[in-house]
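J.: Before I ask anything, here is the structure I am working with.
The values are calculated or read from the model by the stated rules, or taken from the named source; none is laboratory data. Everything numeric in this text was worked out from a predicted model, so none of it was measured. Cβ placement follows ideal geometry from the backbone for every residue including glycine, while neighbour counts extend to all protein chains displayed. Only protein heavy atoms, including side chains, enter the accessible area calculation; ligands, DNA and RNA are left aside. Shrake-Rupley method; radii C 1.70, N 1.55, O 1.52, S 1.80 Å.
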Amino acid sequence: MRTGVAILSLVSVLIPAASTQFTLADVYVGNDFFNGWSWQTINDPTNGRVNYVSQGVARGMNLSYATDTKFFMRADDYNIVPPNTRGRNSVRILSNKAYGDSLAVLDLQHMPEGCSTWPAFWSLSQKGPWPAGGEIDIIEGVNMDTQNLMSLHTSPGCTMPQQRLETGTVTSTNCDANVNYNQGCGVQDAAGSFGVPFNARGGGWYAMARTQQDGIRVWFWPRDSPDVPLAVRAPVPGLFPTIMPDPTWGAPVAAFPIGPYCDYAAHFDAHQFVFDLTFCGDLAGNVYTSTGCSGSCVDFVNNNPQAFTNAYWEVNSLRIYTATETPYPPIV
Ligand SMILES: *[C@@H]1O[C@H](CO)[C@@H](O)[C@H](O)[C@H]1NC(C)=O
């Protein structure tokens, strides 16, 4: 009996007693992106060799394209980039809607790959100004990386414990964007979660849940995984009106628990989602030769349009569920 009690109490420490159910709020498939998202033409805040174009230009050049079931965003793989321009034509899109406590499931077939590329799928505070309200990076990597990096960037006073219930590897624990040159607090996934090997296996599913109660968690299932929960796989987007991370989901790849070392309400508010694809810049440019590439990053971007044929996002769907917090069950 004593052993049984000990095991039960250990389990209750690892798995929160209360659970949050999430209800489907929005499904973005194909043309939904043209209606529900904005094409940002800003100068890249991360100093990339990129020219973000409007929706009209992107559609005219086929840098953004949709069918009933697919949405594509790509780099210009046709033109040489003249010296006195912002850079290679590409796309950065922002969801018109912002979401608080929620669970996002991205069914992604292909992500941009190759030297000089720096694609990301992330969310940031609608209110800002950055980093107020927080930033959550769900997919990020550069150049020939094969491992996805998930991280938070926050205002001061948010750190993560080294030991957490997660399968990924902690790379840094201070989320404050003002320290460590804005490294943020990161967790790295295994090989195959990013870039060329991710695309070779047909991509997969990313899920990011954020609640006051359980903090911020990210899961990843590759296309060939036998363990994808049915509600995540959802052969028809929107088939399941509710979703709830339960023990069958397994431990998240990255867990960012909220507590005394990082107050949730003080650091995170309603976020808009972003997909972008920049080149070189603060990250991909600075680690160009240590992440599988050689020579000058900017020269490569300028002169090799044919190298960007696989620098595209192919999105099957993005579903956003919003949280319905359920009360803690009575303590027995
Ligand atoms: C536009 O891009 C899509 C997606 O890559 C592709 O299937 C389609 O053939 C392209 N259209 C043209 C006219 O090139």
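Yes or no, residue by residue, for (1) among the hydrophobic types (A, V, I, L, M, F, W, C); (2) touching a Phe, Trp or Tyr at 6+ places or on another chain (Cβ under 7 Å):
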site	(1), (2)
ALA58	yes, yes
THR69	no, no
ASP77	no, yes
GLY87	no, yes
VAL91	yes, yes
LYS97	no, no
SER102	no, yes
VAL105	yes, yes
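J.: Of all residues in the stretch 112-127, which are assigned to a loop (DSSP other than H, G, I, E, B) and open to solvent by less than 20 Å² (accessible area, probe 1.4 Å)?
T.: PRO112, GLY114, SER116
J.: Could you grab the pairs with beta carbons closer than 6 Å, sequence gap of 6+ or different chains, first residue in the stretch 60-75 and part of a loop (DSSP other than H, G, I, E, B), second one near the ligand (Cβ under 9 Å from one of its atoms)?
T.: Matching pairs, first to second residue: LEU63/ARG74.
J.: Further, regarding this structure: Quickly run through the stretch 163-219 and pick out the residues that are open to solvent by less than 10 Å² (accessible area, probe 1.4 Å) and among the β-branched types (Val, Ile, Thr).
T.: Within the stretch 163-219, VAL187, THR211, ILE216, VAL218 meet the criteria.
J.: Sticking with this one: Taking the residues in the stretch 70-123 that are within 16 Å of the ligand (Cβ to nearest atom) and of a type in the set (Asp, Glu) as candidates, determine which candidate is nearest to the chain's Cα centre (by Cα).
T.: GLU113
J.: In contact (Cβ under 8 Å) with a residue 40 or more places away in the chain and in a strand (DSSP E or B), is that true of ASP44? Full working, then the answer.
T.: Details: in contact (Cβ under 8 Å) with a residue 40 or more places away in the chain: yes; in a strand (DSSP E or B): no.
So ASP44 fails the test.
J.: How many residues does the stretch 224-255 hold that are open to solvent by 20 Å² or more (accessible area, probe 1.4 Å), touching a Ser or Thr at 6+ places or on another chain (Cβ under 7 Å) and β-branched (Val, Ile, Thr)?
T.: Selection size over the stretch 224-255: 1.
J.: Can you pull out the residues in the stretch 67-111 that are over 22 Å from ALA307 (Cβ atoms) and surrounded by fewer than 18 Cβ atoms within 10 Å (Cβ to Cβ)?
T.: If we filter the stretch 67-111 for residues that are over 22 Å from ALA307 (Cβ atoms), which is where we start, we get 67-71, 93-107.
Matches in the stretch 67-111: THR67, ASP68, THR69, LYS70, ASN96, LYS97, GLY100.
J.: Please go through the stretch 138-148 and pick out each residue that is assigned to a strand (DSSP E or B) and surrounded by fewer than 24 Cβ atoms within 10 Å (Cβ to Cβ).
T.: Taking the stretch 138-148 first, the residues assigned to a strand (DSSP E or B) are 138-140, 147-148.
The answer is ILE138, GLU140, GLN147.
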